[in-house]
Amino acid sequence: MSVLIYTEFSEGKFKKVALELASYAKKVAESLGTTVTAVAVNAGDVSALGAYGVDKVLKVTDTKLDKFNAKAYADVVKQAAQKEGAKVVILSSTTDSLYMAPIVAVGLEAGYASNVVALPVSTNPFQVKRNAFSNKGFNITELTSDVKVIALAKNSFGLVEAQGAAAAEDFAVTLNDADFNIAIQSQDKTTGKVTIADAEIVVSGGRGLKGPENWGMIEELASVLGAATACSKPVSDLDWRPHSEHVGQTGKPVAANLYIAVGISGAIQHIAGINASKVKVVINTDPEAPFFKVADYGVVGDAFQIVPELITKLKEFKANNN
């Protein structure tokens, strides 16, 4: 009766969210007196999971699964959970996992809790703490079903290394051809950069940057900080930046440790989508911008002067501390 996690793998390595899930699942499993099993799809070396608490990895290899398909991937997780007799299934809160989590729950006749932000409040009864009201509050949700499915909010637990090695086992699954009848017309994918999904720091720009030709300083600041770049909805609507960088309630949700907003006034939809971030910094010329009401730190001034100076100071700090 192990705890099962689904681990996302991309560009030859496990995503940070996969390692965070492993860290979290290890603690849950300890409280239940059981072990952690991970299911990995078309992954290569799975040894990294052992360093974060995974005891066994079910390796699924099938070319049909080279592109994410919510129904097919959900069926893989379902079959893995049934094989292992898992009573707790844990997924992340990435876009892909949020698509498939409800399907997994239906397939396992399980209760489902999303946006979980901490270890279970209780395991008998099984209760979890969740973000609520667009991350403005919390609630305690009790799952009474035999099998429980939960989705862990990003950057809510962190990485915790563990001593151990994961045993790898090939796992053959039965795929339904009908699940692959949906064709993907296009796909936004960023390579070689920190992704919003994995980022602990996000630097975001808005219309205050005046045009796409000025985005270089956002990218340079992000590069210095090891951060992902993002933008507000108007910026993506104007095609200044790709839609894959649009964050907010109507875009990608952000739960970064540090969120820096440059030239973003702070519409309610944007605030709701990034409110789970731990520290929010705002740079804006307008002292009445709504973003200042929710910011932990605010700078009133011209971004075209402030950001280059910030980059210079950060580079000097890094040079002096290497």
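The values are calculated or read from the model by the stated rules, or taken from the named source; none is laboratory data. Being a predicted model, the structure only gives us computed values, none of them experimental. A quick note on method: Cβ atoms are made from the backbone with ideal geometry, for glycine too, and the neighbour counts reach across all protein chains shown.
When 160, 149 are checked against the criterion of being among the β-branched types (Val, Ile, Thr) and in a strand (DSSP E or B), a single residue qualifies: 149.
Among the residues that make up the stretch 163-175, is at least one of them at pLDDT 90 or above and closer than 25 Å to residue 201 by Cβ? Steps first, answer last, please.
If we filter the stretch 163-175 for residues that are at pLDDT 90 or above, which is where we start, we get 166-175.
Retained after the next criterion (residues that are closer than 25 Å to residue 201 by Cβ): none.
No, the stretch 163-175 contains no residue that is at pLDDT 90 or above and closer than 25 Å to residue 201 by Cβ.
Given the structure, is residue 82 touching an Asp or Glu at 6+ places or on another chain (Cβ under 8 Å) and more than 16 Å from residue 18 (Cα to Cα)? Against the criterion (touching an Asp or Glu at 6+ places or on another chain (Cβ under 8 Å) and more than 16 Å from residue 18 (Cα to Cα)), residue 82 does not qualify.
Within the stretch 191-220, being among the hydrophobic types (A, V, I, L, M, F, W, C), surrounded by fewer than 22 Cβ atoms within 10 Å (Cβ to Cβ) and within 15 Å of residue 264 (Cβ to Cβ) holds for 215, 217.
What tally of residues in the stretch 36-54 results from selecting those that are out of contact with any Lys or Arg (no Cβ under 8 Å at 6 or more places or on another chain) and assigned to a strand (DSSP E or B)? Break it down into steps so the answer makes sense when it comes.
Initially, the stretch 36-54 is screened for residues out of contact with any Lys or Arg (no Cβ under 8 Å at 6 or more places or on another chain), giving 39, 41-42, 44-45, 47, 49-51.
Next, only the ones that are assigned to a strand (DSSP E or B) stay: 39, 41.
Count: 2.
Looking only at residues that are part of a helix (DSSP H, G or I) and among the aliphatic types (A, V, I, L, M) in the stretch 221-244, which one is farthest from residue 268 (Cα to Cα)? Even if it seems obvious, please write down each step before you answer.
So in the stretch 221-244, the residues part of a helix (DSSP H, G or I) come out as 221-225, 233-237, 243-244.
Next, from what is left, pick out any that are among the aliphatic types (A, V, I, L, M): 221-222, 224-225, 235.
Values: 221: 25, 222: 24, 224: 29, 225: 27, 235: 16 Å.
Taking the candidates together, the pick is 224.
Condition (residue is in the same structural domain as residue 205 (by TED's automatic domain parsing) and crowded, with 23+ Cβ neighbours inside 10 Å) applied to the stretch 310-321: is it met by at least one residue? No, the stretch 310-321 contains no residue that is in the same structural domain as residue 205 (by TED's automatic domain parsing) and crowded, with 23+ Cβ neighbours inside 10 Å.
Of all residues in the stretch 116-130, which are outside any loop (DSSP other than H, G, I, E, B) and either of a type in the set (Val, Ile, Thr) or within 24 Å of the chain's Cα centre (by Cα) (or both)? Walk me through it before giving the result.
From the stretch 116-130, those outside any loop (DSSP other than H, G, I, E, B) are 116, 122-123, 126-130; that's our starting set.
Within the stretch 116-130, 116, 123, 126, 127, 128, 129, 130 qualify.
Restricting the first member to the stretch 284-306 and to residues that are polar (S, T, N, Q), and the second to residues that are part of a helix (DSSP H, G or I), the beta-carbon pairs closer than 8 Å and six or more apart or on different chains are 284/208; 284/291; 284/292; 284/303; 285/208; 285/303. Evaluating residue 254 against the criteria (1) in contact with a Gly (Cβ under 7 Å, 6 or more places away or on another chain); (2) over 19 Å from residue 92 (Cβ atoms) leaves one unmet condition, (2).
If you go through the stretch 61-93 one residue at a time, how many are more than 24 Å from residue 30 (Cα to Cα) and surrounded by 21 or more Cβ atoms within 10 Å (Cβ to Cβ)?
Residues of the stretch 61-93 more than 24 Å from residue 30 (Cα to Cα): 61-76.
Filter again for surrounded by 21 or more Cβ atoms within 10 Å (Cβ to Cβ), leaving 69, 72-74, 76.
Count: 5.
Within the option set 26, 59, being assigned to a helix (DSSP H, G or I) and modelled with pLDDT of 95 or more holds for one residue only, 26. Cβ separations smaller than 7 Å between residues 6+ apart or across chains give the following pairs from the stretch 78-89 residues that are charged (D, E, K, R) to residues that are assigned to a helix (DSSP H, G or I): 78/104; 78/107; 78/108.
Being among the acidic types (Asp, Glu), in a helix (DSSP H, G or I) and more than 18 Å from residue 93 (Cβ to Cβ), is that true of even one residue in the stretch 306-316? Write out each step before concluding.
Applying the first criterion (among the acidic types (Asp, Glu)) to the stretch 306-316 yields 309, 316.
Narrowing the set further to residues that are in a helix (DSSP H, G or I) leaves 309, 316.
Okay, now just the ones that are also more than 18 Å from residue 93 (Cβ to Cβ), so 309, 316.
Yes, there is a match, as at least one residue in the stretch 306-316 is among the acidic types (Asp, Glu), in a helix (DSSP H, G or I) and more than 18 Å from residue 93 (Cβ to Cβ).
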